[in-house]
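Contents: one structure, followed by commentary.
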Amino acid sequence: MFLSLVVNIDAILDIHQLMILLKTNEMEEGMMFDFLNQCNQELSISIKNHKSLSSTQWMNSIYKMNHRLIILVTMLILFLCSTTTYSMTVEVDVALPLKKKIVDLDEYTGRFRAIEQVDIRARVTGYLESIKFKDGQMIKKGDVLFVIDPRPFEYILNRNKAQYDLAKKQYARVMKLRKHNHVSEEAIDQRYQEMQVAKTQVDEAKLNLEFTQVKSPIDGQVSRYFVSVGNLITQNETVLTRVVSNNPIHFYFEINQYDFLKYIRLANQGKRKSSNDSPTPIKLKLQDEDDYVHNGQVNFVDNIIDRGTGTILARALVPNDKGIIYPGLFGRARMEGSNYYEALLLPDIAINSDQSKKFVYVVDNSNTVSRIYIELGNYRESGFYVIKNGLNGDENIVIHGIQRIRIKNQKVKPSLIKLKETAL
């Protein structure tokens with residue numbers, strides 16, 4: 001009798017299918033009876049063919065039959081336990097979506113840049129005599145940074161002064177002779193021209209002597225010295241150091257076409273001012289900061305869309321009184337992207353995922369749970385999501401106890417709670 005219970009490979013596949021259904025909670029009683037009916041049919045076939053089996057095949061059939069019976073009995077027990085458990089009413093906390101007037105905030109990533117940055121070069125050629133700053137020092141406009149050996153330029157200045165004095169005396173003589181008509185107008189013009197050239201040479205020598213003191217053209221922070229004392233400095237070529245301003249500082253970021261068109265339409269509707277006409281408030285944070293603690297103003301938007309990236313360049317002016325922000329740092333910015341409107345908000349713990357789709361569990365008037373698929377908006381710092389589509393605002397959303405919901409249309413015992421954004 002037991003030997004006739006041997007089933008074929010198709011029966012094994014059916015048992016495997018049964019396990020999958022149990023795991024996914026989609027097994028129903030009718031499906032279980034269908035499975036048992038199929039096993040009964042295969043049992044009848046095995047009884048008819050048992051006489052044709054050899055003794056070895058007979059023993060193998062006994063072993064396989066016992067193995068499959070154990071699997072089948074185990075599956076039946078699991079099914080009965082699962083249906084008993086899922087049929088129990090579980091307690092959950094439900095709440096209405098939070099209604100609140102908010103404004104959408106658009107986020108961008110960008111980089112800080114100095115408003116002013118100067119590569120310090122000498123304006124005369126000579127040997128570097130001394131360095132007048134410490135690496136990384138804060139400096140003011142006009143501070144002396146380097147000194148080039150001034151002696152050759154002093155000699156040139158003294159020589160040009162002597163030539164200028166001689167030219168002035170020669171010009172004075174010809175002017176005396178002019179009174180007696182003893183000199184031509186051409187000679188007078190030539191002496192005057194020589195005097196002016198000599199004066200220009202003196203002024204040039206004074207300027208070159210002044211250029212031996214290399215000064216900072218801006219306020220800011222100086223870098224290290226790039227050339228040490230004793231080296232030959234070439235006019236307008238050798239970079240001695242770099243100075244950058246750091247307060248205030250610029251933040252550059254890219255705005256995508258979708259957001260840019262949205263801002264234009266809001267400005268045309270009078271709901272948002274253009275950044276080129278009126279500075280737009282913006283908040284920023286650095287890579288190691290959790291909150292947007294730095295305030296700034298967007299004061300420039302470029303006049304062309306980059307064809308390669310499909311974005312447009314924007315710039316914000318950011319105070320840097322504490323000197324925390326350095327040029328070259330990355331940062332994140334947040335800017336108002338809409339006018340105020342009433343939105344539905346739900347906490348992150350109430351949002352569930354079904355592959356790429358998002359859904360929430362809703363309890364109806366008969367205390368039955370069902371899914372509603374939703375479209376999420378921006379994520380807020382409070383831990384709430386803006387619900388763009390899918391809800392009307394009068395649904396009872398399951399907040400706590402989601403893990404207890406195991407099957408579709410499950411009965412629950414809801415407890416109504418009130419959501420508070422600041423509490424999450």
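Cross-link partners for Lys101 among the aspartates and glutamates, with Cα-Cα distance under 20 Å and sequence neighbours closer than 8 places in the same chain left out: Glu336, Glu342, Asp348, Glu375, Glu381, Asp394, Glu395, Glu421.
How much FRET efficiency would the formula 1/(1 + (r/R0)^6) give for Glu186 and Lys206, where r is the Cβ-Cβ distance and R0 is 41 Å, rounded to 0.05? Walk me through the numbers before you get to the answer.
On the way: r = 31 Å, r/R0 = 0.76.
Efficiency computed from Cβ-Cβ geometry: 0.85.
Hey, for a label at Gln235 modelled as a point 7 Å past Cα toward Cβ, could you say which residues of the stretch 205-228 have their backbone N under 13 Å away? 205-212, by backbone N distance to the label point. To the nearest 0.05, what FRET efficiency results for Leu286 and Lys101 with a Förster distance of 25 Å applied to their C-beta separation? Efficiency, from the Cβ-Cβ distance: 0.25. Rounded to the nearest whole Hz, the Karplus-based 3J(HN,Hα) values (6.51 cos²θ - 1.76 cosθ + 1.60, θ = phi - 60°) of the stretch 216-221 follow the sequence 7, x, 9, 7, x, 10, with x at glycine and proline.
At a Förster radius of 45 Å, what calculated FRET efficiency corresponds to the Cβ-Cβ distance of Tyr127 and Lys273, to the nearest 0.05?
The computed FRET efficiency comes out at 0.20.
Neighbour counting of Cβ atoms within 10 Å sorts the residues Leu284, Leu145, Leu261, fewest neighbours leading, into Leu261, Leu145, Leu284.
How do Leu232, Leu313 line up, fewest other C-beta atoms within 10 Å first? Working shown, then result.
On the way: Leu232 11, Leu313 17.
Listed from fewest to most nearby Cβ atoms, that is Leu232, Leu313.
Principal axis analysis of the Cα atoms in the stretch 118-241 yields extents of 69, 27, 19 Å, listed in decreasing size.
For the stretch 249-336, the C-alpha radius of gyration sits at 1.12 times the compact-globule guess of 2.2 N^0.38 Å, with N the residue count. In a DSSP loop and with at most 10 other Cβ atoms within 10 Å, the trypsin sites (Lys or Arg not before Pro) in the stretch 264-320 are Arg307. Annotation: amide H of Asp104 within the under-5 Å range of Gly337, Ser338, sequence separation 5 or more or interchain, hydrogens built in the peptide plane. With neighbours defined as other Cβ atoms within 10 Å of a residue's Cβ, the residues Met138, Met335 order from fewest to most as Met138, Met335.
With the convex hull drawn around the C-alpha atoms of the stretch 199-346, the volume per residue stands at 224 Å³.
Read-outs: derived from the displayed coordinates by stated rules, not from any lab. Note that the structure is a prediction, hence the values are computed from the model and not measured. So basically every Cβ, Gly included, is an ideal-geometry build from the backbone, and we count neighbours across all protein chains shown.
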